[in-house]
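Only one structure is covered here, and it is reproduced in the block below.
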């Protein structure tokens, strides 16, 4: 029951904060792209949370309780949060003042990409039981090198990068998309720091890096 209340509290807070930023800055609830985005974001999140609550409650508890401990990564998390707030605020203002609204077909296409990235993220969670919101090595953790992890070393970041770049397009805002492009160097910094830690503390990770050459994008990076 405590885990359920914790999960529902954070879920509800997320809806209130995101909705407040979008509709508050838009100055209206007549912003259908924002409703679409919130549906695409929070409905699958609710379903995934229910599945984890039943099948992997300890995994869900770990993700809800996780707090970044490394000083460098606290700055990365803070900067990421600032980017998200800025993206939502600018998207709402874009709708309010009609700076440049993307056509409907672009919004729906971005929505499809968003859902595909969500499915990719779910597959990463299925493959890696040690997946964490923070940079850490857990007790008895082993290197996962099958499935998506046999193609790139950080499929989770690949999925989240697609998710985050699709968000502003679902919200019909080119300016918000430009803001979220800044997330690319942020995530690159996080990956570099994470790999340094994994090489020091996770047995077999150096050998894994030699077998799987690419970090996020096959044949590119």
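Just one of (1) at pLDDT below 80; (2) crowded, with 18+ Cβ neighbours inside 10 Å; (3) assigned to a loop (DSSP other than H, G, I, E, B) fails for residue 144. It is (1).
Yes/no matrix, rows are residues, columns are (1) buried (at least 19 other Cβ atoms within 10 Å of the Cβ); (2) within 23 Å of the chain's Cα centre (by Cα):
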position: 85; (1), (2): no, yes
position: 88; (1), (2): yes, yes
position: 96; (1), (2): no, no
position: 105; (1), (2): no, no
position: 110; (1), (2): yes, yes
position: 113; (1), (2): no, yes
position: 117; (1), (2): yes, yes
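Can we say residue 57 is surrounded by 13 or more Cβ atoms within 10 Å (Cβ to Cβ) and either modelled with pLDDT of 95 or more or over 28 Å from residue 185 (Cβ atoms) (or both)? So residue 57 passes the test. If you scan the stretch 165-194, which residues turn out to be within 11 Å of residue 83 (Cα to Cα) and touching a residue at least 60 places away in the same chain (Cβ under 8 Å)? Across the stretch 165-194, the qualifying residues are 176, 179, 180, 182, 183, 186. Restricting 119, 106, 78 to residues that are more than 30 Å from residue 52 (Cβ to Cβ) and either in a helix (DSSP H, G or I) or modelled with pLDDT of 95 or more (or both) narrows the list to 106.
The set of residues in the stretch 24-41 that are surrounded by 16 or more Cβ atoms within 10 Å (Cβ to Cβ) and under 21 Å from residue 10 (Cβ atoms) comprises 34, 37, 38, 40, 41.
The values are calculated or read from the model by the stated rules, or taken from the named source; none is laboratory data. Predicted model, so just to flag it, every value in this text is computed and none were measured. In this analysis, Cβ positions are derived from the backbone assuming ideal geometry, glycine residues included, and neighbour counts consider all displayed protein chains.
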